[in-house]
Amino acid sequence: WDRNVECEAENEQGKALGEQMYAAVGRERQMGDCAVQVPQRGGRPARMATLTLRALRIRLVRTERLGTLPKRIAINAVLAREESPPSEVKPLEWLLLTSESISISEEVIEVLRLYRLRWRIEEFHKAWKSGAGVERRRMANVENIERIAVVLAFVAVRLLQLRERHNEDPDASCAELLTETEWKLLWVSIEKRRPPKRPPPLGWAYRAIARLGGWHDSKRTGRVGWDSHWIGWFMLQERIEGHEAAKLLKGSL
């Protein structure tokens, strides 16, 4: 909402200057810029956007229908706007209200960085709940719930790392995220032959773990759901446990 605000500056009569929020912050001097990776989504191609940053201390003015609340609330506003977008592309524009300091450009950039983390946090929660299934656990003891939630949080981080690194560079070595035992057992499970001497790329590991979890890419999108990755990861860990047990039993039977 482009709300009515009062700025910290005053006019000749000593009264706070009032205007709309976007206009007030937009007329401030530039405090830096930031490059943002815009992911592919639907028919929108991936691209790099450069956002211009402006910031201002403002006071939000209470509307009449909220008469029981304070008449004004002081807050910091950061406007991140793509001023030179490619043709026929809707420019990015975020107006962030924050209690964080905005005195210098580094602080304004940090506000934007924290805001951008919200997508990663949402993806982590999807991996934690939809993938690792923390909400599906039915334990009567509070301490046990806390323990399994923490353990599955680490699993969710591993799954999220795999997806993010795959999206960044699917040709990178899978040894960045998988141990030698993990990727070799994964190779044998999926390819049904001896593993290569060099680790395969992350793109292969990303799909192989999903295939182990029952994924078939029937829609030809290449995208893997959290359920498939969780099941595949769980099955891979079972194979690793069996492999370790076999090594301990070797020569004892």
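Summary of values
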{"read-out": "Cβ-Cβ under 6 Å pairs, at least 6 apart or on other chains, segment 88-104 side on the phi < 0 side of the Ramachandran plot, far side outside any loop (DSSP other than H, G, I, E, B) and of a type in the set (Gly, Ala, Ser)", "value": "92/49; 94/80; 97/77; 102/55"}
{"read-out": "Matching residues in segment 114-126 - criterion: being in contact (Cβ under 8 Å) with a residue 40 or more places away in the chain and open to solvent by 90 Å² or more (accessible area, probe 1.4 Å)", "value": "120, 126"}
{"read-out": "Flag if residue 226 is hydrophobic (A, V, I, L, M, F, W, C), touching a residue at least 12 places away in the same chain (Cβ under 8 Å) and farther than 24 Å from residue 125 by Cβ", "value": "no"}
{"read-out": "Yes/no for residue 106 being modelled with pLDDT of 90 or more, part of a loop (DSSP other than H, G, I, E, B) and open to solvent by 80 Å² or more (accessible area, probe 1.4 Å)", "value": "no"}
{"read-out": "Candidate set from segment 30-54 (those that are open to solvent by 70 Å² or more (accessible area, probe 1.4 Å) and under 15 Å from residue 107 (Cα atoms)); member that is nearest to the chain's Cα centre (by Cα)", "value": "33"}
{"read-out": "Test result for residue 187, of a type in the set (Phe, Trp, Tyr) and not in a helix (DSSP H, G or I)", "value": "no"}
{"read-out": "Any hit, segment 112-128, residues being part of a helix (DSSP H, G or I) and more than 30 Å from residue 82 (Cα to Cα)", "value": "yes"}
{"read-out": "Considering residues of segment 130-161 that are without any contact (Cβ under 8 Å) to a residue 12 or more places away in the chain and either assigned to a loop (DSSP other than H, G, I, E, B) or in contact with a Leu (Cβ under 9 Å, 6 or more places away or on another chain) (or both) only, the residue surrounded by the most Cβ atoms within 10 Å (Cβ to Cβ)", "value": "139"}
{"read-out": "Filter result for residue 99 (among the small types (Gly, Ala, Ser) and either closer than 27 Å to residue 48 by Cα or touching a strand residue (DSSP E or B) at 6+ places or on another chain (Cβ under 6 Å) (or both))", "value": "no"}
{"read-out": "Residue that is surrounded by the most Cβ atoms within 10 Å (Cβ to Cβ), among those in segment 162-208 that are closer than 19 Å to residue 240 by Cα and among the acidic types (Asp, Glu)", "value": "182"}
{"read-out": "Residues within segment 209-241 that are surrounded by 19 or more Cβ atoms within 10 Å (Cβ to Cβ) and among the hydroxyl-bearing types (Ser, Thr, Tyr), tallied", "value": "1"}
{"read-out": "Scope segment 62-92; condition of a type in the set (A, V, I, L, M), open to solvent by less than 50 Å² (accessible area, probe 1.4 Å) and part of a strand (DSSP E or B); matching residues", "value": "74, 75, 77, 78, 79, 80"}
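The values are calculated or read from the model by the stated rules, or taken from the named source; none is laboratory data. Please read these numbers as outputs of a predicted model, since none were measured by experiment. Glycine also receives a Cβ, built like all others from the backbone with ideal geometry; neighbour counts cover every protein chain displayed. Ligands, DNA and RNA are stripped out before the accessible areas are found, and what is left, the full protein with its side chains, is counted by its heavy atoms. Shrake-Rupley method; radii C 1.70, N 1.55, O 1.52, S 1.80 Å.
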